[in-house]
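Quick note: the coordinates plus some simple rules give every number you see, no bench work behind them. Bear in mind the structure is a predicted one, so any value in this text is a computation, not a measurement. Here the Cβ positions follow ideal geometry from the backbone for every residue, glycine too, while neighbour counts run over all protein chains shown.
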Amino acid sequence: MLTTNERMIRGYAIIAKGDDPIQIGENKFKIPSQSHDEYYIVTKGYKVWTCTCPDYKYRKVECKHINAVKFWLKLKDKLKEETKERIVFKAQENGVITCPYCFSTDLIKKGFRKNKSGKKRIYLCKTCNKKFSVSEGFKHMKNDPKIITLALDLYFKGLSQNAIVDHLKQFYDVKVNQSTISRWITKYVKIISNYVRTLTPDVSGMWAVDEMALKCNGEWNWLWNLIDTESRFLISSMISQGKVRDVETARKPFKEAKKITKRKPDIIISDGLPAYEKAIKKEFQANKKYGISRTLHIREIAI
């Protein structure tokens, strides 16, 4: 039986893999099952969260799906704090329009406003008494939380910053600079990392490490990520200042990972950076006396 902490970790892993919930009502979310080709419905009640999955049905505890929705909402709230203009999208499932401030569906029409693209319908939310407009697409919305979330999702799926810029332009007609993508990654990785540090993840024995150049305020820094290859759980993420990628700097994500996981991996996969070889040997030393085998280091061109 899973512990509360393990359910939190698995919930985070669902979001890290890109399986975002779909909001289908004011307090209802649809989230994919991780073992079957089906969806579960998570509902946020007045005091209690519920889910249609077997874990909640039989044990009445907050399952990984509930934890996934909770984390997704926290991240979404953080993104919304950075948004100056609030615009709501029609839900993919049934076209229901919800208030971007309180997610209520109790709305009334309040005329139109004119802009360069024509007239836009204005809605008044009867729950929070705030007005908003509806957008049918992503155009000219590079600061919208959905665009930022999409960019982060593409990054954690392995796309380069330039590839993300190209993807947003081709498919959503949103123009952003590579430096903007870098700022988003730098800012929101810190948010995710702070959350991860509160957990003790149950990770596999195979990890993957990668480093990525980020330009912030005119200076180049390095973003280091260490991921569990099985669950795609982001074990450790840190930013080092300057262009240096030496052994001591490469050791830092491994040191943090040891504190978080309280275990030694069997295999670490990396790119061709020479510093990883010594960093892994120093952080995960073998000890024949105590039966501790060395961590196998596999170098690849890319991970």
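Brief remarks follow.
- Relative contact order %, the stretch 199-299, counting alpha carbon pairs below 8 Å whose residues are six or more apart: 26 percent
- Applying 1/(1 + (r/R0)^6) with R0 = 41 Å to the Cβ-Cβ distance of Val48 and Lys146 gives a FRET efficiency near 0.90.
- Placing a pseudo-label 7 Å from each Cα along the Cα-to-Cβ vector at Tyr58 and Val244 gives an inter-label distance of 5.4 nm.
- Spin-label pair Asp173-Ser35: with each label point 7 Å from Cα along the Cα-Cβ axis, the two points sit 4.5 nm from one another.
- Residue among Leu73, Pro32, Cys53 farthest towards the positive dipole end of the stretch 1-81, charges placed on Cβ: Leu73
- The stretch 1-81 shape via C-alpha gyration tensor axes, a/c threshold 1.5: rounded
- For the residue pairs Lys30/Lys126; Lys109/Lys146; Lys76/Lys169; Lys64/Lys243, the alpha carbons lie more than 29 Å apart in Lys64/Lys243.
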